[in-house]
1. Out of the strands (runs of 3 or more DSSP E) lying entirely within segment 73-144, which hold 1 or more residues that are within 21 Å of Lys192 (Cβ to Cβ) and among the polar types (S, T, N, Q)?
2. Residues in segment 3-26: is at least one modelled with pLDDT of 70 or more and touching a Gly at 6+ places or on another chain (Cβ under 6 Å)?
3. Contact list please: Cβ distance under 7 Å, first residue in segment 24-43 and surrounded by fewer than 18 Cβ atoms within 10 Å (Cβ to Cβ), second residue outside any strand (DSSP E or B), pairs at least six apart or on different chains.
4. Looking at segment 44-68, I want the residues that are at positive phi and have a partner that is not in a strand (DSSP E or B) with Cβ atoms under 6 Å, at least 6 apart or on another chain. Which pairs are those?
5. Could you identify the single residue in Asn161, Asn130, Asn108 that is loosely packed, with under 15 Cβ neighbours inside 10 Å, modelled with pLDDT under 90 and touching a strand residue (DSSP E or B) at 6+ places or on another chain (Cβ under 8 Å)?
6. Mind checking which pairs have a first residue in segment 488-515 that is of a type in the set (Ser, Thr, Tyr) and a second that is buried (at least 21 other Cβ atoms within 10 Å of the Cβ) and part of a loop (DSSP other than H, G, I, E, B), Cβ under 9 Å, 6 or more apart or different chains?
7. Taking Phe199 and the conditions (1) modelled with pLDDT of 85 or more; (2) out of contact with any strand residue (DSSP E or B) (no Cβ under 6 Å at 6 or more places or on another chain); (3) of a type in the set (A, V, I, L, M, F, W, C), which numbered condition does it fall short on, given that it satisfies the others?
8. So which of Tyr231, Tyr221 is within 17 Å of Leu394 (Cβ to Cβ), part of a helix (DSSP H, G or I), without any contact (Cβ under 8 Å) to a residue 60 or more places away in the chain and within 19 Å of the chain's Cα centre (by Cα)?
Amino acid sequence: MLSYFRQLIFLFLLSFFFTSCTEEKKPTAEKGILEASEWNFQNKGIIPLNGEWEFYWNHLLDPTDFITLPTKSYIEIPGVWNGQVIDNVKLPGSGFATYRLLIKTSGNNERLGIRIPFHFTAYKLWINDNLLAENGKVGTSKEEMIPQTLPQYIYFDTEGNEIAITLQVSNFYFDKGGTPAAYKLGNENQIKKMHLRQFAIDLFLTGSLFIMAFYHLGLYYLRRKEISTLYFSILCFLIMLRTIGLGETFLISLYPEFNFEIYIKLIFLGAFLGPSIFTLFIENLFPEDSKPILGKISIYMGVIFSLSLLFPAKVSTFLLNPFYLVLAFTLFYQMYVLIKATWNKRDGALIASVGMFVMFLAAFNDILFDSQIINSGYYTQYGLLFLIFCQSFLISLRFSKAFTSVENLSQHILKIYKANSRFVPSEFLSFLGKESIVDVHLGDHVIKDMTIFFADIRSFTTISESMTPEENFNFINSILKRISPIVRKNNGFIDKFMGDSIMALFPLDPKDAITTAGELLKELESFNDIRIKSGLQKIDIGIGINSGSLMLGTIGEEERMDGTVISDAVNLASRLESLTKVYGSNIIVSEHLLKEVSDNIRIDYRFLGNVQIKGKSGSVAIYEIFSFDESEIFKAKLKTKTNFEKAINCYQNKDFSGAKILFEGVLEDLPNDKAAEYYLDKVSVLI
């Protein structure tokens, strides 16, 4: 195996060396001219516009001003102008300047594109004599300019064999000024692909960080003792803020008027506070291997630098270089903890160390890039994403080991629990936060949002009169055996068996209850086929569904107690089930539940009107779901839905004559529509 890996590494290094040797050297600018006349963009790809650009300090020149050139100098792009010496004067971060670059092309008159990177902190750009890009407002003073940091993509047709780029940049808001990242030139398709690729990557990173932030926040919410998940959630959120402000900066793309000061502070919040949060995370995972005094120094320094965000953005940018010393100390301390934990063979330490090492390299790259030592880009978010995957695997590993341990130690308890769960739903204990039934006490309760599902066998009394007690029990159980697995399969549990009816609860998603109702009616068709072949009466079921907040707990007395749910939402669900007999419907739901599921599941429904519910001061809008009715009935209800709902509105607006005409029309297409018959009887009396 070791030999196999060595061969893979050798082949990788060999291919990398071969690629490096055979890759054609890309042209660079010299003395303000980039010679690309021999460069074929279609075959050779995109080129960076790196090298020496003409530089005119304290001048804002447009293309017409270069007829009589002022005194020029040269500056390396990408790079900031801080520290550049012009006329024996060392340039500060604040100021304004004009850049110019002439690009010699093949003269093919093709359509090209340029990716313009972010600048510090406003610019205007001309291609030849055409102003094609502007970011913020360029000015000669802080009062005149408007800062903004946003990469852009421009496209233009070439004429002749020369392209002149004129660039004005001004900065009075940031510690550094100029063009810190590389321009990219290629044909239109290449630049568009780059744009889509970069935007997709940033969007993917942001989405991943956002999901993982809330995922770990949810883990902390479910298990408060695992405070490391809270720290990791905060870290993901901070880096997410940094991600939407760097790269393609789609925060500014979406909101161009976004306040520059706030924008800078969002980015620096992640930079200054993120390492401190990560230190807390590492120390919480491996407390035995930490040095609390070093950790506190790291955390306090991060907090102190974060306080600079209370001042103008220029203060934070000025403190960035000193902060790198603190960051380096923090990263080395974190690596020390992880290496020590790995050496001591702590669970998950090796995985965390690998993730942290990649994160360390990404953060080190960002330090060098910000310091203009290398020209790469920001990669902290990529490093964090890799660390997230390592952390997720670590959490999975811990849960897996915990489950294995519980299984090995709890076989006997599990058997008892299974026996108890036949009488008390395990979900009931779970929501009460109890591990077993012995932990349950009178008055234990919890408030939770759930979906309540009532189902009742219609005309059971009439059916049962012809059966013996034993036949009654067998009949009920034969139906419940079909209902219960469907409820469980769709993430619900039956709270109560009430003779010929059940009450089930769905704690996750309201659409689970709708799915259950549809599958139950389909199962009932198979059951009825068997009964009809045996010469028995067909069975119908009415279902009422509602969702809302309810209180789940225990009632009774110390020697005899029972679990139950109490709430207005439960009462309404029960009432909806009883109304199925009045309207001849299979399924009736509340308006509240319909709004929750209508965007997540394809269903057909119709408005049945507003009804007065006992215990409620106002009326409640109710709806019939007929998606699962027999085919002919479904088609008829779908056809008459519009007129039926118009008739309901006429009835509610006391236009009884209009309602009568419409209900009669509905009954012509669907003679057995019990809901239409019910309303027709009412309006006939009122006319």
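The values are calculated or read from the model by the stated rules, or taken from the named source; none is laboratory data. Note that the structure is predicted; figures quoted are calculated from it, not measured. Cβ coordinates were reconstructed from backbone atoms using ideal geometry, including for glycine residues, and neighbour counts include every protein chain displayed.
1. Output list reads 130-135.
2. So the first thing to find is which residues in segment 3-26 are modelled with pLDDT of 70 or more, and the list is 25-26.
Now restrict to residues that are touching a Gly at 6+ places or on another chain (Cβ under 6 Å): none.
No, there is no match, as no residue in segment 3-26 is modelled with pLDDT of 70 or more and touching a Gly at 6+ places or on another chain (Cβ under 6 Å).
3. These pairs meet every condition: Glu24/Lys44; Thr28/Asn50; Glu35/Pro27; Ser37/Thr105; Ser37/Ser106; Ser37/Asn161.
4. Close Cβ pairs satisfying both conditions: Gly51/Thr28.
5. From the options Asn161, Asn130, Asn108, the qualifying one is Asn161.
6. Thr515/Asn490
7. For Phe199, the exception is condition (1).
8. Values: Tyr221 fails: within 17 Å of Leu394 (Cβ to Cβ).
Result: Tyr231 is the single residue among Tyr231, Tyr221 that is within 17 Å of Leu394 (Cβ to Cβ), part of a helix (DSSP H, G or I), without any contact (Cβ under 8 Å) to a residue 60 or more places away in the chain and within 19 Å of the chain's Cα centre (by Cα).
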